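Asker: If you scroll down you'll find the structure; I have some questions about it.
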Amino acid sequence: KSGLVMFNKFTTAGLSFPVQGSAGFNGTSDFIQTDNPFSNTNHTIAAWVYANDTAASKEIFNAMDAVDDGIRFFSKPDEGIRYSVNSSDVNSSATYQNEWVYAVGTYDGTTQKIYINGSVDVSATTSQTLNNTTNAKIGARNYSTTVSNFNGNLANVAIWNRALSSDEINSVMWKPVQALSATESNGLQAWYSLDD
């Protein structure tokens with residue numbers, strides 16, 4: 001739950017979520033280097049995301065050793081959300097530029113899903129095993145050259161070693177880490193509030 005943090009606090013005026021604040025990422029040099037590769041085959045990646053409309057890829061969470069080897073969760077150039085588990089990619093059905101969205105990717109060993117604002121948006125059946133060893137980054141690509149830096153705001157970036165249920169996602173999205181129940185905290189590997 002620690003790492004090198006390089007960002008400035010920023011609360012977007014007029015927006016109500018996440019209510020506790022967020023971190024602004026400048027799209028060029030801001031990112032968080034974690035001290036863990038987060039290499040769990042079964043997992044959940046969740047974040048409040050505000051992606052600026054920039055026509056560039058913006059990494060939310062990247063835990064890969066190379067292309068198609070690990071987990072990638074990012075905002076595409078059109079600000080749609082893509083979630084990759086190794087070579088298996090799923091894409092959100094809509095784009096989310098200049099607006100807050102709660103984006104979640106889950107994989108339970110057979111089904112890969114993207115949730116948007118608490119509802120399943122897309123899913124795919126796939127058989128993947130993760131064994132990546134490169135420590136993850138929030139806000140940039142973690143392997144090779146640091147590129148695709150996030151441009152916008154992130155809050156409550158969280159990683160579990162299990163696939164959360166729809167009910168859990170709907171509950172967790174409205175809470176700070178301190179308010180999670182014991183069941184919701186089960187398997188929680190890291191939580192980056194990004195509010196201070």
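Asker: Looking at (1) hydroxyl-bearing (S, T, Y); (2) within 26 Å of G21 (Cβ to Cβ); (3) not in a strand (DSSP E or B), which is the one condition that is false for S127?
Answerer: The single condition S127 does not satisfy is (2).
Asker: Right, something else. Tell me whether region 97-111 contains one or more residues that are at pLDDT 95 or above, open to solvent by 50 Å² or more (accessible area, probe 1.4 Å) and in a loop (DSSP other than H, G, I, E, B).
Answerer: Yes; the residues of region 97-111 include at least one that is at pLDDT 95 or above, open to solvent by 50 Å² or more (accessible area, probe 1.4 Å) and in a loop (DSSP other than H, G, I, E, B).
Asker: Exactly one condition in (1) under 19 Å from I138 (Cβ atoms); (2) among the aliphatic types (A, V, I, L, M); (3) open to solvent by 10 Å² or more (accessible area, probe 1.4 Å) is false for A55; which is it?
Answerer: (1)
Asker: Can you name every residue in region 77-87 that is among the charged types (D, E, K, R), buried (at least 17 other Cβ atoms within 10 Å of the Cβ) and outside any strand (DSSP E or B)? Reasoning before the result, please.
Answerer: Filtering region 77-87 down to residues among the charged types (D, E, K, R) leaves 78-79, 82.
Among the residues that remain, those that are also buried (at least 17 other Cβ atoms within 10 Å of the Cβ) are: 79, 82.
Of everything in region 77-87, just one residue is among the charged types (D, E, K, R), buried (at least 17 other Cβ atoms within 10 Å of the Cβ) and outside any strand (DSSP E or B), namely E79.
Asker: Moving to a separate point now. Would a scan of region 121-129 turn up a residue that is open to solvent by 60 Å² or more (accessible area, probe 1.4 Å), touching a residue at least 12 places away in the same chain (Cβ under 8 Å), out of contact with any Lys or Arg (no Cβ under 9 Å at 6 or more places or on another chain) and small (G, A, S)?
Answerer: Scanning region 121-129 turns up at least one residue that is open to solvent by 60 Å² or more (accessible area, probe 1.4 Å), touching a residue at least 12 places away in the same chain (Cβ under 8 Å), out of contact with any Lys or Arg (no Cβ under 9 Å at 6 or more places or on another chain) and small (G, A, S).
Asker: Looking at (1) within 16 Å of the chain's Cα centre (by Cα); (2) at positive phi; (3) open to solvent by less than 40 Å² (accessible area, probe 1.4 Å), find the lone condition where N117 falls short.
Answerer: Among (1) within 16 Å of the chain's Cα centre (by Cα); (2) at positive phi; (3) open to solvent by less than 40 Å² (accessible area, probe 1.4 Å), the lone unmet condition for N117 is (3).
Asker: Could you grab me the full set of residues in region 112-124 that are closer than 25 Å to G27 by Cα and not in a strand (DSSP E or B)?
Answerer: Filtering region 112-124 for residues closer than 25 Å to G27 by Cα gives 114-117.
Answer for region 112-124, where residues must be closer than 25 Å to G27 by Cα and not in a strand (DSSP E or B): just N117.
The values are calculated or read from the model by the stated rules, or taken from the named source; none is laboratory data. Everything numeric in this text was worked out from a predicted model, so none of it was measured. Positions of Cβ are backbone-derived with ideal geometry, glycine not excepted, and every protein chain shown enters the neighbour counts. Surface accessibility is based on the protein's heavy atoms, side chains included, excluding ligands, DNA and RNA. Shrake-Rupley method; radii C 1.70, N 1.55, O 1.52, S 1.80 Å.
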